[in-house]
1. Going through B:VAL355, B:VAL345 one at a time, which residue ends up being buried (at least 24 other Cβ atoms within 10 Å of the Cβ), without any contact (Cβ under 8 Å) to a residue 24 or more places away in the chain and in contact with a helix residue (DSSP H, G or I) (Cβ under 8 Å, 6 or more places away or on another chain)?
2. Taking B:GLY331 as meeting all but one of (1) touching a residue at least 60 places away in the same chain (Cβ under 8 Å); (2) away from chain A (no Cβ under 14 Å); (3) touching a Phe, Trp or Tyr at 6+ places or on another chain (Cβ under 7 Å), write down the number of the exception.
3. Starting from region A:33-53, take each residue that is more than 11 Å from A:ILE319 (Cβ to Cβ) and list its partners that are among the polar types (S, T, N, Q), counting only C-beta distances under 9 angstrom and pairs at least six apart or across chains.
4. Consider B:GLY363 against the criteria (1) within 8 Å of chain A (Cβ to nearest Cβ); (2) in a loop (DSSP other than H, G, I, E, B); (3) of a type outside the set (Lys, Arg): it satisfies all of them except one. Which criterion is unmet?
5. Of everything in region A:150-194 that's among the small types (Gly, Ala, Ser) and buried (at least 19 other Cβ atoms within 10 Å of the Cβ), which residue is nearest to the chain's Cα centre (by Cα)?
6. Please specify each residue of region B:137-166 satisfying the condition of being within 26 Å of B:HIS197 (Cα to Cα) and assigned to a loop (DSSP other than H, G, I, E, B).
7. Listed residues A:ALA301, A:ALA306, A:ALA325; which is within 28 Å of A:ILE192 (Cβ to Cβ) and in contact with a Gly (Cβ under 8 Å, 6 or more places away or on another chain)?
Amino acid sequence: MQFRLEKRREPSRVVLYSAPLIAVLLTMFFGAIIFSAIGYDGVGAVREIFLTPITNSLKWQDLAVKASPLIIIGVGLSIAYRANVWNIGAEGQYIMGGLAATWVALLTHGMGGFWILPAMMVAGFLGGAAYAAIPAFFKTRLNVNEILTSLMLTYASVQLIYYLVRAPWKDPMGMGFPQTRRFASEALLPNIVPGTIVHAGVPIAIIVALVAWFVMSRSVFGYQVKVVGSAPHAARYGGFSENKTIWLALLLSGALAGFAGALEVSGPFQRMVPGFPTNYGFTAIIVAFLGRLNPLGVIFAGIIMAITFVGGEVAQTTIGLPSSASGIFQSMMLFFLLAGDILVRYRLKRVAPQGEARA
Amino acid sequence: MPNRLELSGITKQFPGVLANDNVSFAVKPGEIHALLGENGAGKSTLVKMIYGIMQPDAGEIRWNGEPVVVPNPKAARKFGIGMVFQHFSLFEALTVLENIALGMDAKVPSRELEARIREVMATYGLALDPHRTVATLSVGERQRIEIVRALLLNPQLLIMDEPTSVLTPQEVEQLFTVLRKLAAEGCSILYISHKLHEIKALCDVATILRGGKLVDTCDPKQETSRSMAEKMIGSGLKDIVKPEGRSFGTPKLVVNRLSTLSTGHFDIPVRNVSFTVRAGEILGIAGVAGNGQNALLDALSGEVRSDDRDAISIDGLGIGGMDTTERRRHGLCAVPEERNGHAAVGDFSLSDNSVLTARDRLGMVVMGLINSGAARTYTGRVIADFAVKALGPASTAGSLSGGNLQKYIMGREILQKPSVLVVSQPTWGVDAGAAAAIHQALVDLAAAGSAIVVISQDLDELRALADTLAVINMGELSAARPVKDFSVEEIGLLMGGVHGEAAA
């Protein structure tokens, strides 16, 4: 018996929306097998990683705090990817946004004023956008692949943190630790649920996703992004400039990543430290795809990814799983999702072996 | 003498469509047999089964009286069946000889092969130098390679799939001479086409297919083009209603010494093109494919802007520097040749495709937001007025057949009532019924006072449709003259231009 892929007349909506669910289920299934095979409690690993964060209400605040930067960055990336602009450097833009916000916080230290936090947020936006402007410039002027430039710039930004926290921005009272001073209270993100770690970034993430959803589904800008992404020739015919769209897509995804960086540094971190890069920018790539490049889907995908982060930490302490376990689960999820996506456009068809036709 | 080829009860089912339904006919030795039908009538499927590319689900193929199974094209060639495809499979960087050698089933020493090629070419009057590189050859010459390749096998049946769609009238005449000579020597020819006057001129018998079924087998010389067309589409054919002796208004679209830059691949740029189209006038631009038509359309639509503002003007206003959106606002709409991915986005719904070009002229955008209700309503109107076969405005463009998508695209532009419309290949790959509807819509639009430019390779279409005609060759446009003043021979000479084909 042979199978063949046959193109569907219309892309299947059922598969389109069920693929993420199937990918999660397959990840759990194969995750259990793999971890059993290498000598861990596979079923327990899946339970701790995927279920404990949901069933244990103490973990919910962790989920919200982990999910919000993923959602904000994921929303930006989902827009860029719709335009066929492959911004892989959200991690770098997130770092630059965090650094820009830090710069404002340090500069205004001791000044006081309600405007400091908003100024940090704006700096985060601009820092991320400016960093994404570099790949945009090279892409539109010299046709340099944005995947390479944006990814490589990430490593440059990490070095920039190391330099800044070790020399010019080093906390004078920090006993030699490579970190900035703790931000003044005016530069800290307020907590919105007393007694928890849930900060203002959580509702902001939801609002960002809702606004992005509206813009992408209803506005001419959203239309432009989608046309340029799926048929650049038709976009030109329709009067949309490809270069302009590349700029907008990179600036917007960079700005949102930078904004997430500003929220993180002023929220959970409260200062800039060398450990600031936590791979949110890379994980958000999976979030964008898992959310079907749809801002509303990104909310759910962000939560699922946050579950694997939080669950990974739980599994480390309860069943001694290595910390890289959650990375393996996340990668498997992306792998199964992309593999499943082929069935959106194609269906599996059984074909008779060649020999029979000769009879 | 038994029939060379006899089909009885051939049936082929594809998912959702019966491509051939109990088709039976016979081809006699030395007969030129036309296989006629609209797009999707099942001609290609039938021929693929004869040539062994596909297998029938039911029915029998008899070859010289013997029932046979043709498992693959190699077996077909062994029987003596040759085929010349519509799309050539040639390596541009190799010579004629090398291309033919690559396509041979048996390995023949190149000296011997060259001798045989020269012999075949001498016998049939096919002028071609075996040592020329394919890239330097015209389309007509490339087709000769394919014919020579088929003739080297001494075929008893030669299948020709739409052979004339890319040829100038002179090249067509040369081809017919070769085919008649072959037939006189006893080789049967199965000639697939939808060009009725060619079939009348060339063929002894015509088998007409419609919707996978055999409708009629007739003698084309006894039929009129019209009667055959009606059998093909299954209903009365509407004539283009074109008022005679129309007068034209003031110049609407004026193109003055328009040149484009070479894009560095495939297409030829246009050089110093000038023409004027008046209100109510249809200007036809004829030419063999790849002579600058795409560059001309891009330059007119605004996809490629000109440095010279006055190279193109509408009603005296220079629009050379404007992009497509601005040009549409000034009344110029355009339809490029490529439907999927250029004139329409296959992944998008028809409604979203309407937003692509009609958003400004029909008020589908309010303060940066898309009014999807307006897009749906307009799309519904296009579907109704142009009889587009689609489930509704929410169907994706990619799910429509080529002809229906073209009707939708033409409707989308025409219902915007542009004052200037530029279209390329408006009925390419579209069945006769749909083509007639599109032609009538263009004529009606002109009658309402619009200026229209039709770029096409189909001379019949241009002669029926256009008021004035110009010919594009190697990026240069001949002077436009009333279409009645041209003879087919003259158009052919202009189309052949510097290829030097006409003299051959």
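1. B:VAL355
2. With (1) touching a residue at least 60 places away in the same chain (Cβ under 8 Å); (2) away from chain A (no Cβ under 14 Å); (3) touching a Phe, Trp or Tyr at 6+ places or on another chain (Cβ under 7 Å) applied to B:GLY331, the lone miss is (3).
3. Within 9 Å, the pairs are A:PHE50/A:THR27; A:PHE50/A:THR308; A:PRO53/A:THR308.
4. (1)
5. Among those that are among the small types (Gly, Ala, Ser) and buried (at least 19 other Cβ atoms within 10 Å of the Cβ), it is A:SER150.
6. Within region B:137-166, B:SER138, B:GLN156, B:GLU162, B:PRO163, B:THR164, B:SER165, B:VAL166 qualify.
7. Answer to the selection: A:ALA301.
Residues checked against (1) assigned to a helix (DSSP H, G or I); (2) more than 14 Å from chain B (Cβ to nearest Cβ); (3) under 30 Å from B:GLY398 (Cα atoms):
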{"residue": "A:ILE206", "(1), (2), (3)": "yes, yes, no"}
{"residue": "A:TRP213", "(1), (2), (3)": "yes, no, yes"}
{"residue": "A:TRP247", "(1), (2), (3)": "yes, yes, yes"}
{"residue": "A:LEU250", "(1), (2), (3)": "yes, yes, yes"}
{"residue": "A:ALA255", "(1), (2), (3)": "yes, yes, no"}
{"residue": "A:GLY261", "(1), (2), (3)": "yes, yes, no"}
{"residue": "A:PRO268", "(1), (2), (3)": "yes, yes, no"}
{"residue": "A:PRO274", "(1), (2), (3)": "no, yes, no"}
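The values are calculated or read from the model by the stated rules, or taken from the named source; none is laboratory data. It should be emphasised that the depicted structure is a prediction, and the values quoted were computed from it without experimental measurement. Glycine gets a Cβ as well: all are built from the backbone with ideal geometry, and neighbour counts include every protein chain shown.
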